[in-house]
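S.K.: Sending over a structure as structure tokens; questions will come in a sec.
Coordinate-derived values only; no laboratory data. Since this is a predicted model, take the numbers as computed values, not measurements. Neighbour counts run over all protein chains shown; Cβ positions are idealised from the backbone, glycine included.
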Amino acid sequence: MGWVSVENVSAPLENPLRVQRLNWPWQKARGYLLRFAPKSEEGLLFVYHRPRRVVVHMLFVPFPLGIVWINEQLTVVGVEEAPPWRGVRRSPVPVQLFIEMAPERIKEFAVGHVLALKQAYEVGVS
């Protein structure tokens, strides 16, 4: 796991967004399960080796989440809000990445926007 800075090349973000990259299946399965709600400047980045249809469950997640679905060209292919405790959300098309974040941030993303992801380094952490 590492932190990644998200930039919206098509429409610059109002405030910085950094996301924690999840690589391992157990990290992805947990997501925000039994965690606190995300801060507005943070989220989780789910990365897959190849594009696939993805299902996000909201069971035992007691707060809403914003989801941005992203293809292998780093283009947004879907944006939605997932309500708490309510079943599952499915990617609209096969995706290689998606971001879960505070729901108020999804207004900064739209289908067709191109994103850039940059490795973020924690200063002062040993």
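S.K.: Once you have the Cα-Cα distance between Arg18 and Lys107, take 0.36 nm times their residue separation minus that, and quote the gain in nm to one decimal.
M.R.: 30.4 nm
S.K.: Collect residues whose amide H, placed 1.01 Å from N in the peptide plane, falls under 5 Å from the amide H of Val95; neighbours closer than 5 in sequence don't count.
M.R.: Arg52, Arg53, Val54
S.K.: I've got another one for you. Segment 1-65 to segment 90-116: how many Å between their Cα centroids?
M.R.: Computed from Cα coordinates, the inter-centre distance equals 10 Å.
S.K.: From the helices alone, meaning DSSP H stretches of at least four residues, give me the mean residue ellipticity at 222 nm for the chain, per-run term -39500 (n - 2.57), in deg cm²/dmol to the nearest 500.
M.R.: Computed mean residue ellipticity for the chain: -1000 deg cm²/dmol.
S.K.: Related question: So, R0 is 25 Å and r is the distance between the beta-carbons of His49 and Arg86; what FRET efficiency does that work out to, to 0.05?
M.R.: E between His49 and Arg86, to the nearest 0.05, is 0.30.
S.K.: Using only alpha-carbon positions, what ratio does the radius of gyration of segment 3-49 give when scaled by 2.2 N^0.38 Å?
M.R.: 1.26
S.K.: Right, here's the next one. Based on the Cα atoms of the chain, what semi-axes does the equivalent ellipsoid have, where each is the square root of 5 times one gyration tensor eigenvalue, given in whole Å with the largest first?
M.R.: After scaling each eigenvalue by five and taking roots: 19, 18, 15 Å.
S.K.: Distance in nm between label sites at Lys39 and Ser10, each 7 Å beyond Cα in the beta-carbon direction?
M.R.: Once both label points are built, they end up 2.8 nm from each other.
S.K.: In whole Hz and in residue order, list the ³J(HN,Hα) couplings for segment 29-46 that follow from phi through the Karplus curve 6.51 cos²θ - 1.76 cosθ + 1.60, θ = phi - 60°; x for Gly and Pro.
M.R.: Result, rounded to whole Hz: 5, 6, x, 8, 4, 6, 10, 7, 4, x, 5, 5, 9, 10, x, 10, 10, 9.
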